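The values are calculated or read from the model by the stated rules, or taken from the named source; none is laboratory data. Note that this is a predicted model, so its numbers are computed, not measured. Using ideal geometry, Cβ is built from the backbone for each residue, glycine included, and neighbour counts are taken over all protein chains shown.
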Amino acid sequence: MNTLKHACPPEAEGQKTEFAETGRGGAGPALPGDRIRAEKLREIDLFVLDLDGTFYLGDRPIDGALDFVNYVRESGKKILFFTNNSSRSPKVYMERLAGMGCPINRDQIMTSGDVTIAYLKENDPGKSVYLVGTPALEESFRQEGICLWDPEEDRTGPREAGVTASRPDIVVVGFDTTLTYRKLERACTYIREGAVFLATHLDINCPTEYGFMPDCGAFCAAITLSTGVEPKYLGKPFKETVDMVLLHTGVSRERVAFVGDRLYTDVAVGVNHGAKGFLVLSGETKQEDIKNSQVKPDEVYGSLGEMKCLLCGESWDHSR
Ligand SMILES: [Mg+2]
């Protein structure tokens, strides 16, 4: 993992630096593109921030990330945190961010679980859903009135000859850290018998402090292999996520930037749907990965710390 440091030198605090003309106050020469990169940030009214690798690493905010959020708020722009991780409730993220000195309201955090709930309410009201998800996601579905299928009341498992079994209308797969073989079997059976197959997000692995753990996309791959049916994915990088963000915030599409450390989710969701997609190099993606990617970011920044420096005209140490 890249551990870029917030590098506004102390002597430059409060100084307004004229990019490219006046140098960097001892932090090295200005890059000619800084003015343009700063201007791209100033055109944004809403920054939709990824969490892991973008705002925090492990239990600590990345250097400069808090400064960025505070500066954006003070300047009258908006912040929304968005994570594809559907295993935890938004409340958990609120508590985690508050513990890092970044208190937020419920309307400033959105997950792929939220997008899935909104999708179901709009497109399939009243339909029954078999959820392969954590108790936290299940609770979120219940609170929003989604009709959850109780598998104990059906005839799942090996179907008896001549028995017409009931099934849910829809199977939703999330990042289920309580996944069991029985759940997988039920999901496959229902999908094979005609249930619609939805997934909260497509991430195949979830980064952890010790490596990776299989995520929603990996579970879906197993179900697809068994059934031959591909899911409809929600979350980043899909249109439904952008639509929900726009509806939720009222900000116009071209003034929204999705910011994150993954090209194929965080950046793609912006560049593919008429918003902006900014890459930060503070997490998974390295500069050299960009040339091999089909997804090209609208702009690349070292971290949220650099974005803050550019926004307020302070110097950034590019040697870091
Ligand atoms: Mg990330």
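Cβ-Cβ distance below 7 Å, separation of 6 or more or different chains: which pairs start in the stretch 53-77 with a residue that is at pLDDT below 95 and end on one that is exposed (fewer than 12 other Cβ atoms within 10 Å of the Cβ) and of a type in the set (D, E, K, R)?
Qualifying pairs under 7 Å: G58/E209.
If you take the residues in the stretch 100-117 that are more than 16 Å from the chain's Cα centre (by Cα) and touching a residue at least 12 places away in the same chain (Cβ under 8 Å), which one is nearest to E144 (Cα to Cα)?
Ranking the candidates gives I104 first.
What do you reckon, is S303 modelled with pLDDT of 95 or more, over 22 Å from F82 (Cα atoms) and within 16 Å of the ligand (Cβ to nearest atom)?
Numbers: modelled with pLDDT of 95 or more: yes; over 22 Å from F82 (Cα atoms): no; within 16 Å of the ligand (Cβ to nearest atom): yes.
When the stated conditions are applied, S303 does not pass them.
How do the helices (runs of 4 or more DSSP H) wholly within the stretch 233-320 filter down when requiring 3 or more residues that are buried (at least 24 other Cβ atoms within 10 Å of the Cβ): which remain? I'd like the intermediate steps shown before the answer.
Details: elements: 239-249, 268-271, 304-312.
In the stretch 233-320, 304-312 are the helices (runs of 4 or more DSSP H) which contain 3 or more residues that are buried (at least 24 other Cβ atoms within 10 Å of the Cβ).
Search the stretch 184-203 for residues that are more than 11 Å from G235 (Cα to Cα) and pair each with any residue that is in a helix (DSSP H, G or I) when their beta-carbon atoms are under 6 Å apart and the residues are at least 6 apart or on different chains.
Every condition considered, the pairs that remain are R186/P151; A187/I223; C188/I223; C188/S226; C188/T227; I191/T227; R192/T227; F197/I191.
Pick out the one residue from D266, D289, D298 that is of a type in the set (D, E), over 30 Å from I191 (Cβ atoms), within 16 Å of the ligand (Cβ to nearest atom) and at pLDDT 95 or above.
D289
What number of residues within the stretch 39-62 satisfy the criterion of being acidic (D, E), within 16 Å of the ligand (Cβ to nearest atom) and in a loop (DSSP other than H, G, I, E, B)?
Taking the stretch 39-62 first, the residues acidic (D, E) are 39, 43, 45, 50, 52, 59.
Then drop every residue that is not within 16 Å of the ligand (Cβ to nearest atom), which leaves 50, 52, 59.
Filter again for in a loop (DSSP other than H, G, I, E, B), leaving 50, 59.
Residues meeting the conditions: 2.
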